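The values are calculated or read from the model by the stated rules, or taken from the named source; none is laboratory data. Owing to the predicted nature of the structure, the values given are computational and were not obtained by experimental measurement. Cβ coordinates were reconstructed from backbone atoms using ideal geometry, including for glycine residues, and neighbour counts include every protein chain displayed. Heavy atoms of the whole protein, side chains included, go into the accessibility calculation; ligands, DNA and RNA do not. Shrake-Rupley method; radii C 1.70, N 1.55, O 1.52, S 1.80 Å.
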Amino acid sequence: TGTTPTDVTATIPTDVPSMTPSSPPSFDPAPTLEIVRTRGHVRCGLHESREEDFQQSFLDLCRAVAAVIFGNPESYERVPTKVTTRFQQLHRREVDLLVCGDTHNIEREVMEGNTDAGFTFSSPYYYDGMA
């Protein structure tokens, strides 16, 4: 009668899912302990800006972790970290653990600001600023 046909091409979606498989993720989903055992040593992230007496106690903690995992306290690699990039290094698995006396807070446990990832913290082993 007096109606014009509607343009149906305007309602057809143009981004149709591809059947081509995507590339595999670059992140290794294996648990960190499994990766460390396979590698044969633990990579400890240590602040380079710490005073020497603090560094020694953090190295001792790193050696203790290596001794527990491998039975050899020298099965570790010291990886320098910076205050501004340490959590990114941990997130990218450039280090296996941070032995730096980092502050445990709910934001870092749920979603650390620089990585948008949550991290697991150990029991406190170092208290800073306590009277």
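Cβ separations smaller than 6 Å between residues 6+ apart or across chains give the following pairs from segment 72-87 residues that are without any contact (Cβ under 8 Å) to a residue 24 or more places away in the chain to residues that are open to solvent by 50 Å² or more (accessible area, probe 1.4 Å) and not in a strand (DSSP E or B): 73/63.
One residue is enough: does segment 68-76 have a residue meeting the conditions under 19 Å from the mean Cα position of the chain (by Cα), surrounded by 12 or more Cβ atoms within 10 Å (Cβ to Cβ) and either modelled with pLDDT of 90 or more or within 24 Å of residue 30 (Cβ to Cβ) (or both)? Looking for residues that are under 19 Å from the mean Cα position of the chain (by Cα), surrounded by 12 or more Cβ atoms within 10 Å (Cβ to Cβ) and either modelled with pLDDT of 90 or more or within 24 Å of residue 30 (Cβ to Cβ) (or both), one finds at least one in segment 68-76, hence yes.
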